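Chemist: This is the structure, below, for whatever I ask next.
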Amino acid sequence: MADTLRWNHTKLYLLDQTKLPGETTYIECTTWQDVRKAIRRLAVRGAPAIGVAAAYAMVLAAQELAARKTELSPDSFTVQLADCAAQLDAARPTAVNLHWALERMMGKARAAAPLPVPQQVVQLEQLAVHIESEDLEINRAMAEYGAAELAKVGRPLRILTHCNAGALATAGIGTALGVIRSLHARGLIEMVYADETRPLLQGARLTTYELMNDQIPVTLITDNMAAWVMKTKGIDAVIVGADRVALNGDTANKIGTYGVSILAREHHIPFYIAAPISTFDVTIATGAAIPIEERAHEEVTSLGGKMTAPVGVAVFNPAFDVTPHENIRAIFTEFGTITSPESRTIHKFLTEKEVL
């Protein structure tokens, strides 16, 4: 399967996910503005992948500033780099990994400020490469913790997932799909049911593409079939990714996830989140404080460039919703599993793992 992104020291190549599965095309990003545009239009998507792309965007910004004929003082360099970071941060307001990666890059820039600008650029590139390689290991660890928990059922599973939380959403094997891949390697996947995920069809276009590529059994369903599939197909678990997790465990994910969690609760099906610690936002107490991105009306009123609704119809198009922690059985992270997530258990977990 094609890599989500590739870096070659002066350019970032991003797989254009808006064209999958029909076409495998890479966008050549030579400026940080190119990366911001790609993040904004979902050419690169998924919280971890957005974070990695943003880290490389900061390297491109640093290289651009360093190449200017007007010599910059180290302080001026840091100030202008911070402005680039702020503009990148505004590209996708819900996905906290974007902010997390930018903060790490700016932390490095501030720490390296006494050094000559060229040396600062080198250190920023080294950190971006580290963030990418780190994501690979995080995915593997998370997948193993999740698979170990679900393997307790003791037989091949039927799992439902929503949106795309796979390799295309990360630099590694994925979050939710990473768990599924690990279960499949153990012979413990009977079938994965993938919601199509309207309005942009990430489940139909991307999740099925990934699973079929890995020869993992997958069945595509429309979003409004999830309840009936739960009732008639013996779903054992629901696993999804996350774009932000509040301190109490409320979780923002692709629009439709909240509804799936309600259906799972009604059918007594355990609902799991797979998310790295970088997706946790301990600065907010509950999901009520998570900003929800609203996107263009055209995503709802048209499909494949063809209008599917009357011209001028009012549209509400939130890109995410928030699943309350009460609906979540556990959260799989790279440091272990948080069962019955709520403020106390999450705070205890993060403190014990020394990541708070």
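Nothing in this text is a laboratory measurement; each read-out follows from the coordinates by a stated rule. On a predicted model such as this, the values are computed, not experimentally measured, just so you know. All Cβ positions, glycine included, derive from the backbone under ideal geometry; neighbour counts span all protein chains shown.
Chemist: Sort 210-220, 136-146 for me by packing, meaning the mean count of neighbouring Cβ atoms within 10 Å per residue, highest on top.
Modeler: Details: 210-220: 16.7, 136-146: 20.7.
Per-residue Cβ counts within 10 Å, averaged per peptide and sorted highest first, yield 136-146, 210-220.
Chemist: Continuing with the same structure: Could you check the spin-label model distance between GLU294 and ARG40? Points 7 Å from the Cα along Cα→Cβ, value in nm.
Modeler: Placing both labels 7 Å along Cα→Cβ, they lie 1.8 nm apart.
Chemist: Let me ask something additional. Would you mind calculating the gained length between GLN126 and VAL315 on full extension (0.36 nm times residue separation, minus the Cα-Cα distance), in nm to one decimal?
Modeler: 63.7 nm
Chemist: I've got another one for you. Grab the DSSP H runs of the chain that are 4 residues or longer, score each as -39,500 (n - 2.57), total them, divide by all residues and round the 222 nm result to the nearest 500 deg cm²/dmol.
Modeler: Computed ellipticity for the chain at 222 nm equals -12500 deg cm²/dmol.
Chemist: By average Cβ neighbour count within 10 Å, what is the ranking of 93-105, 19-31, 237-249, 332-344 from highest down?
Modeler: So the peptides 93-105, 19-31, 237-249, 332-344, ranked by packing, come out 237-249, 93-105, 332-344, 19-31.
Chemist: Just to be sure I understand: of the beta bridges DSSP finds with both ends in the chain, what percent are antiparallel, rounded to 5?
Modeler: Percent antiparallel among DSSP bridges in the chain is about 50.
Chemist: With θ set to phi - 60°, apply the Karplus curve 6.51 cos²θ - 1.76 cosθ + 1.60 along the stretch 159-164 and write out the HN-Hα couplings as whole Hz, x wherever there is a Gly or Pro.
Modeler: In residue order, the calculated couplings are 10, 10, 9, 10, 6, 10 Hz.
Chemist: Continuing with this model, one more query. Tilt of helix 343-352 relative to the longest C-alpha principal axis of the chain, in degrees (0 to 90, nearest 10)?
Modeler: Helix 343-352 and the main axis of the chain meet at about 60 degrees.
Chemist: Can you report the principal axis dimensions of the stretch 5-137 using only the alpha carbons, biggest first, rounded to whole angstrom?
Modeler: Ordered largest first, the stretch 5-137 gives principal extents of 48, 28, 26 Å.
Chemist: With the Cα gyration tensor of the stretch 145-352 giving a ≥ b ≥ c as the square roots of its eigenvalues, does the rule (a/c under 1.5 for rounded; else a/b larger than b/c for prolate; else oblate) give rounded, prolate or oblate?
Modeler: Note, shape of the stretch 145-352 comes out oblate.
Chemist: Rounded to the nearest Å, what's the spacing between the alpha carbon centres of the stretch 245-264 and the stretch 130-186? Just the number, please.
Modeler: Here the answer is 18 Å between Cα centres.
Chemist: Between ALA111 and ALA82, what is the label-to-label distance in nm when each label sits 7 Å out along the Cα-to-Cβ direction?
Modeler: 1.8
Chemist: Assuming R0 = 25 Å, can you tell me the calculated FRET efficiency for the pair ALA67 and VAL355, based on Cβ-Cβ distance, to the nearest 0.05?
Modeler: The formula returns an efficiency of 0.10 here.
Chemist: I've got another one for you. Shape call for the stretch 90-204 from the C-alpha gyration tensor, a ≥ b ≥ c root eigenvalues: rounded (a/c under 1.5), prolate (a/b greater than b/c) or oblate?
Modeler: Judged from the Cα gyration tensor, the stretch 90-204 comes out prolate (a/c at least 1.5, a/b above b/c).
Chemist: Quote to one decimal, in nm, the extra length available between THR219 and THR31 on full extension: 0.36 nm per residue of separation minus the C-alpha distance between them.
Modeler: Contour length minus Cα-Cα distance gives 63.7 nm.
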